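> Pasting a structure here, questions to come.
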Amino acid sequence: MPNSRGRLALERFQKALSWFESPVMTLEPPGESFMRSRSNKLVLFGVVLLMAGLAGRAAADTTPESRTQAKPAVSAPSATKAPSPKPSPKASKKPPVKQKAVAISAKKASGPAGSRMTTGTRAVALTFDDGPDPVQTPRILKLLAQQHVHATFCLVGRNVQKHPELVRQIVAGGHTLCNHTWNHDLKLGKKTAAQIRADLTRTSAAIHKAAPKAKIKYFRAPGGNFTPGVVAIARQLGMASLYWKVDPRDWDHPKGETDAQHKKRVISRVEHNTHPGAIVLSHDYAQPDTIAAYQTLLPWLKKRFTLIGL
Ligand SMILES: [Zn+2]
């Protein structure tokens, strides 16, 4: 019952108080002033403890940004800097744990530098890189629309700048966008953090200029050359790093290989290597045989797998 419980608490409090006071009275008898100052100190100590407890709780409830004022944390941004929604590249070693939009489960993140290699389900995802291409991109978009398949397009900034209308067509088709650097920089990982950030930001800005409301969920390093630094900067810019599981090497045209042979090779490699959960890499930029291969591959894949846009 609340009343008796309350009374009990009061009694305990009084008992504790008398215990608290008594040693001071009995053990330290000499002089009124000494006793008063001693007990004042103890009361003050109690108040300080209480306040410290309250302050600690308050600090725990605040956001990491405001926490810097109460208690400098190791992972928090520098207290001298104004709180920023995006951590600096130097803080990239320990990125914020909560990044729900770009969170990658351990199952998906088995590519280089923690990049994503699989869909995380049994569904298969198709990705088309290096475009947009004024001839090949509309061809693959038409095929995908006919088959009711959504894919992911990894766009190169300078091609986006040349063909913004194609970015809008990709978005209108319900496909997912991926940043693939401004100029297909295969050595991006060797650049400084500022250069990497500038490249990715410039590319995303061009995509957004073409399609302002489009979400750029992914980043793919050209050649799949992911480094921890590149992955961290992409994450800070809101993009998950996207690798692949199946690479038919459609970009590779060995000497003596005819178009027909090339197309056959791409079909054969995708058919033999695609298993549930695979992310398949192909190119829609200057690869007419790839588009021809997907005329065969799309119906073949659809029969066996659920194809999803990431
Ligand atoms: Zn590429």
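> Thr121's amide H: which non-local residues (gap 5+, or another chain) put their own amide H closer than 5 Å, with H modeled 1.01 Å from N in plane and none for Pro or chain starts?
Answer set, sorted by chain and number: none.
> If neighbour count is taken as other Cβ atoms inside 10 Å, put Val135, Val266 in order from fewest to most.
Val135, Val266
> Can you work out the Karplus-derived ³J(HN,Hα) for every residue in segment 220-228? Use 6.51 cos²θ - 1.76 cosθ + 1.60 with θ = phi - 60°, whole Hz, and x for glycine or proline.
Values, residue by residue: 10, 5, x, x, x, 7, 7, 10, x Hz.
> Cut-off is 10 Å between beta-carbons; in what order do Ile233, Ile140 appear when sorted fewest neighbours first?
Going from sparsest to densest Cβ surroundings: Ile233, Ile140.
> If you don't mind, another one. Full extension from Lys213 to Thr258: what is 0.36 nm times the residue separation minus their Cα-Cα distance, to one decimal in nm?
Numbers: separation 45, 0.36 × 45 = 16.20 nm, distance 4.18 nm.
So the chain would gain 12.0 nm between Lys213 and Thr258.
> Ranked by Cβ crowding within 10 angstrom, fewest neighbours first, how are Trp300, Trp244 ordered?
Values: Trp300 14, Trp244 21.
Least crowded to most crowded, the residues run Trp300, Trp244.
> Take the residue pairs Lys191/Lys263; Lys162/Lys187; Lys209/Lys303; Lys190/Lys215 and return only those whose Cα atoms are more than 29 Å apart.
The answer is Lys191/Lys263; Lys209/Lys303.
Read-outs: derived from the displayed coordinates by stated rules, not from any lab. None of these values were measured; they are calculated from a predicted model. Methodologically, a virtual Cβ is constructed for each residue, glycine included, from the backbone with ideal geometry; neighbour enumeration extends over all protein chains shown.
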